[in-house]
Amino acid sequence: MNYAEIKTFDIANGEGVRVSLFVSGCTHHCKHCFNKETWDFSFGKPFTNETEERLLRELEPDYIDGLTLLGGEPFEPSNQAVLLPFLRRVRERYPDKNIWCYTGYLYDRDLLGESRARCAYTDDMLRLIDILVDGEFVQELYSIALQFRGSSNQRIIDVQKSLQEGSVLPYRPKSGKI
């Protein structure tokens with residue numbers, strides 16, 4: 001897997017201060033995507049053990065609330081194969097930090113049902129993710145007023161509660177504002 005960028009002080013892609021990993025590779029090709037270069041699976045740099053160690057170090061400070069995965073598409077099967085062991089390390093080392101993930105796939109249709117995204121890693125990956133922002137970006141539904149998403153069709157899902165309840169449950173922040 002390759003990655004396009006690492007942001008070590010990101011406040012736009014999830015609650016609080018985050019470390020964000022932009023993976024390469026996406027087959028959605030959303031119209032007006034803000035990150036078209038990441039469609040190419042070969043774009044950027046290889047995700048190596050050194051990259052993992054860097055990310056784990058960047059997550060260490062108390063002011064960092066968690067990790068965010070974006071893309072590209074984290075749920076492309078080839079990306080899942082690499083991200084799953086990394087997410088296990090993050091969860092093991094930082095059990096109190098949260099993990100957000102942005103995907104163009106739909107949680108209930110594509111990640112839980114049969115689709116090209118669902119593979120041997122999907123269920124384990126979902127068990128490690130706290131918040132999932134799902135759905136392709138749709139330019140016609142874009143609004144600058146939306147928090148943590150680009151278009152109104154996208155949902156902010158509490159993955160752990162959704163898995164427990166067996167239905168899609170929206171994320172409700174402590175502040176009550178999203």
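The values are calculated or read from the model by the stated rules, or taken from the named source; none is laboratory data. What you see is a predicted model, and the numbers here were worked out from it, not measured in a lab. All Cβ positions, even for glycine, are placed from backbone atoms using ideal geometry, and neighbour counts span all protein chains on display.
In table form, for the structure just shown:
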{"quantity": "Unmet requirement for LEU69, which otherwise passes all of (1) touching a residue at least 12 places away in the same chain (Cβ under 8 Å); (2) part of a helix (DSSP H, G or I)", "calculated": "(2)"}
{"quantity": "Residue check for VAL138: surrounded by 15 or more Cβ atoms within 10 Å (Cβ to Cβ), of a type in the set (A, V, I, L, M, F, W, C) and at pLDDT below 95", "calculated": "yes"}
{"quantity": "Total residues in segment 1-17, condition part of a loop (DSSP other than H, G, I, E, B) and among the hydrophobic types (A, V, I, L, M, F, W, C)", "calculated": "3"}
{"quantity": "Single unsatisfied condition, ILE99 versus (1) in contact (Cβ under 8 Å) with a residue 40 or more places away in the chain; (2) of a type in the set (A, V, I, L, M); (3) closer than 26 Å to TYR142 by Cβ", "calculated": "(1)"}
{"quantity": "Which listed residue is of a type in the set (Lys, Arg) and modelled with pLDDT of 95 or more, from ARG172, ARG149, ARG116, ARG155", "calculated": "ARG155"}
{"quantity": "Any hit, segment 79-95, residues being assigned to a loop (DSSP other than H, G, I, E, B) and under 15 Å from the mean Cα position of the chain (by Cα)", "calculated": "no"}
{"quantity": "Matching residues, segment 18-45, being touching a residue at least 24 places away in the same chain (Cβ under 8 Å), assigned to a loop (DSSP other than H, G, I, E, B) and surrounded by fewer than 21 Cβ atoms within 10 Å (Cβ to Cβ)", "calculated": "THR27, HIS28, CYS30, LYS31, HIS32, CYS33, PHE34, ASN35, PHE41, SER42, PHE43, GLY44"}
{"quantity": "Selected residue (criterion: farthest from SER78 (Cα to Cα)) from residues of segment 107-143 that are outside any helix (DSSP H, G or I) and of a type in the set (S, T, N, Q)", "calculated": "SER143"}
